[in-house]
Amino acid sequence: PFVYTKSCELSDFTFRRTNSFIVGEKELETLDIEEDARPITLGCWEERVGIEFSGSGIYETSFPKYSNDILLDLGDVRFTCEVFVNGKTLGVKVMPPYKYNIPCDILTENNKLEIRVSNTPANQYQYSTSLDKWGRWQMSPYHERQLVFDRDNLDSGLFGPVKLCY
């Protein structure tokens, strides 16, 4: 296996929400969101999007070409992500390690990195009154237990650190 001897931490991310998971009349629905990207620091996105936000957003930054063999290490992600380099997907990860090999054939001198992060519906369930419109028969028999479990899984976003190893 290739041994990476150098690394650099990426910063200067922008962020924009792309969709929201909302409780509909009969099931969870997805609402597309169009908004401009704004600067964001890595960590819990609650301050930026609200505590009740369940959905997806895209973190974006750029980086130069360091070498032909690059490993992208996203660090801590909550909870799933898909990575794009110069518009090409590198795949989806649903659990750690959130690491991606970046093929040299998609790299240019200046590269666009997009990281789509999605959390779970837990925030929507915990902090909205949307579930009030559902009848008891629409809820899982485990709903009350799920709410207890969800409280430990509300922090969402790209926590990082995001590093390029080469």
Quiz item: Which net charge results when you count Lys and Arg as +1 and Asp and Glu as -1 among the other residues whose beta-carbon is under 15 Å from that of LYS88?
Solution: -1
Quiz item: Got a sec? Which residues in region 45-70 would a label at ARG38 touch, if it sits 7 Å along Cα→Cβ and we count backbone N under 18 Å?
Solution: 45-61
Exercise. Determine by what factor the alpha-carbon radius of gyration of the chain differs from 2.2 N^0.38 Å, reporting the quotient.
Key: 1.17
Quiz item: How much of the accessible area of region 74-161, in percent, comes from carbon and sulfur atoms when a 1.4 Å probe is used?
Solution: 53 percent
Quiz item: If you look for lysine pairs in the chain that are eight or more places apart or on different chains, how many of them have Cα atoms under 22 Å apart?
Solution: 17
Quiz item: When you count, for each residue, the other Cβ atoms within 10 Å and take the mean per peptide, how do 122-128, 41-47, 154-160 rank with the highest first?
Solution: 154-160, 122-128, 41-47
Quiz item: Which one of ARG48, ARG16, ARG145 has the biggest mean-square fluctuation once the chain is modelled by GNM with Cα springs under 10 Å?
Solution: ARG145
Quiz item: On full extension of the chain, what length is gained from SER140 through GLU9, given 0.36 nm per residue of separation minus the C-alpha to C-alpha distance?
Solution: 42.9 nm
Quiz item: Using the heavy atoms of the protein chains alone and a 1.4 angstrom probe, what is the accessible area of the chain per residue in square angstrom?
Solution: 58 Å²
Practice problem: Using only alpha carbon pairs under 8 Å that are at least six residues apart, calculate the relative contact order of the chain and give it in whole percent. | Solution: 34 percent
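The values are calculated or read from the model by the stated rules, or taken from the named source; none is laboratory data. Since the model is a prediction, treat every value here as computed from it, not as a measurement. Cβ atoms come from the backbone with ideal geometry, glycine included; neighbour counts cover every protein chain shown. For the accessible areas, the whole protein counts, side chains as well, though only heavy atoms, and no ligand, DNA or RNA atoms are used. Shrake-Rupley method; radii C 1.70, N 1.55, O 1.52, S 1.80 Å.
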